[in-house]
Amino acid sequence: MPSQWARGMCKRCYQYSPHTVSTRAAGWARRMPRTPPWWEDFAAHLAIHRNVFYGADALAHTARLVIDTDSTCPPSLLAEARRTRPLLYQLMADFFHAHHLIDAPADVQSQRAASRRERRIEAVPIPLRPAVRAFAQTLVARRENAERLGLRPNQFKTIEIRLDTVRDLALHATARGHRTWASLTTDDLEAFLARNPARRASWLTGLHQFFAHAHRTGAVLNNPAASLDAPQQRGFRGATLTLDEQRILYRRWNGPDEMHPQEAFIGLAALLHAATTTELRLLTLDDLTPARRAVRFPGRSVDLALDAATWNALTGCLDHRARLGTDNPHVLVTRLTRTTRAPAGAAHIRDSLAPVGLLPRILRSTRLLTLTDELDIKQLTAALGMSYAGVAHYA
């Protein structure tokens, strides 16, 4: 005779059958004063994209939210869920966005970048802070203008690096007794740069931009960074792969070996088409042109016709994505992003190549270095749809 625990588990398994969510949906529909027009679609969404236990629980909380607010309006329900049921908010938001019941979500990456910029600005001593805030606003405005013109904008990370430099200089200047930017001299900047000679070039780029802006806006009368430079050896000096190493990788990703389909696509896209981690993360189904076997990586200006090996690897990724049954619009979907619309993290792109012990940037650098040896740099930028600045480093 089964134990009491076993009888309880059997009863629970029977109670939560695959039809539990639809059954619960029908029961809650009778209890709500008004059944939302999206209720059946929401139940089907939970049944497909959530564990049956979690789906039934989420359905119950959503029904209680409708009853408590006496509303079926998606924006109103989301506002109340954000305030009283934060765990339910993201699930409902993903469903409403996927079914076009509310406007497209705000750019989460932009919001997070704004928060990171604000933390850096707040770390600047108060007397020096207004000029830094104005500088940050100018950098963001330049990025937005470049996006509108179809140019290649600065990444959020680049803006944050510039603010890091100015923040550190502000702390350094305050420690030396300065209370205004106008009191800084070239000697003060040289003392700051001497703290880390290896980063002189990176820091000096930020200082040139900041003091040029400060001079234009009247924060300083003279530009103390104008006469400073950072001599550097030209040309790329990072790690690359030999031709034999490239052949071994190509055979692995285009051979019969069993592996995760995303490894093959990430590896071939970086090795043959110089794809960056960001381009791979943000690639969506809308960027694909199956009729021509072409893809346009985010940020590039042309469609790239894929070779047979890369297209087969991409097809494997799409098949894997279909098996996950996700509404996420991105090509590379993970276990964590399967039930959302967010892109995969940069760590996932790196970890996908862990079996071969390489980083995507090494594969990309190898490809760009090879192409710059064979093609004129203007031909290369036109062929790949990249900016001149992005390729010139490898020439």
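Is it the case that some residue within the stretch 369-384 is touching a strand residue (DSSP E or B) at 6+ places or on another chain (Cβ under 9 Å) and surrounded by 17 or more Cβ atoms within 10 Å (Cβ to Cβ)? Yes; the residues of the stretch 369-384 include at least one that is touching a strand residue (DSSP E or B) at 6+ places or on another chain (Cβ under 9 Å) and surrounded by 17 or more Cβ atoms within 10 Å (Cβ to Cβ). For ALA239, the requirement of being hydrophobic (A, V, I, L, M, F, W, C), in contact with a Phe, Trp or Tyr (Cβ under 8 Å, 6 or more places away or on another chain) and either over 26 Å from ARG335 (Cβ atoms) or assigned to a loop (DSSP other than H, G, I, E, B) (or both) is not met.
Here is a yes/no grid of residues against (1) in contact (Cβ under 8 Å) with a residue 12 or more places away in the chain; (2) in a helix (DSSP H, G or I); (3) among the aromatic types (Phe, Trp, Tyr); (4) within 30 Å of PHE210 (Cβ to Cβ):
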residue	(1), (2), (3), (4)
ALA60	yes, yes, no, no
ILE67	yes, yes, no, no
SER71	no, no, no, no
GLU80	yes, yes, no, no
SER110	yes, yes, no, yes
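Considering LEU78, LEU46, the condition of being modelled with pLDDT of 80 or more, in contact with a helix residue (DSSP H, G or I) (Cβ under 8 Å, 6 or more places away or on another chain) and open to solvent by less than 10 Å² (accessible area, probe 1.4 Å) is satisfied by LEU46 alone. For the stretch 140-168, the set of residues classified as without any contact (Cβ under 8 Å) to a residue 40 or more places away in the chain and open to solvent by less than 40 Å² (accessible area, probe 1.4 Å) consists of VAL140, ARG143, ALA146, PRO153, listed by residue number. Checking TYR388 against (1) surrounded by fewer than 19 Cβ atoms within 10 Å (Cβ to Cβ); (2) in contact with a strand residue (DSSP E or B) (Cβ under 8 Å, 6 or more places away or on another chain); (3) aromatic (Phe, Trp, Tyr), only one condition comes out false. Which one? For TYR388, the failing item is (2). The one condition from (1) basic (Lys, Arg); (2) within 17 Å of HIS260 (Cβ to Cβ); (3) out of contact with any Ser or Thr (no Cβ under 6 Å at 6 or more places or on another chain); (4) exposed (fewer than 15 other Cβ atoms within 10 Å of the Cβ) that ARG338 does not meet is (3). GLY316 passes every criterion in (1) part of a helix (DSSP H, G or I); (2) open to solvent by less than 40 Å² (accessible area, probe 1.4 Å); (3) more than 30 Å from ARG148 (Cβ to Cβ); (4) touching a residue at least 60 places away in the same chain (Cβ under 8 Å) apart from (4). For the stretch 179-192, a tally of residues being closer than 14 Å to ASP164 by Cα and surrounded by fewer than 19 Cβ atoms within 10 Å (Cβ to Cβ) returns 0.
Total residues in the stretch 114-161 satisfying the condition of being within 20 Å of the chain's Cα centre (by Cα), within 18 Å of HIS213 (Cβ to Cβ) and outside any helix (DSSP H, G or I): the figure is 2.
If we scan the stretch 113-136, do we find a residue that is over 30 Å from SER183 (Cβ atoms) and open to solvent by less than 30 Å² (accessible area, probe 1.4 Å)? The answer is yes, given that some residue of the stretch 113-136 is over 30 Å from SER183 (Cβ atoms) and open to solvent by less than 30 Å² (accessible area, probe 1.4 Å).
The values are calculated or read from the model by the stated rules, or taken from the named source; none is laboratory data. Quantities reported herein were computed from a predicted structural model and do not represent experimental measurements. All Cβ positions, glycine included, derive from the backbone under ideal geometry; neighbour counts span all protein chains shown. Only protein heavy atoms, including side chains, enter the accessible area calculation; ligands, DNA and RNA are left aside. Shrake-Rupley method; radii C 1.70, N 1.55, O 1.52, S 1.80 Å.
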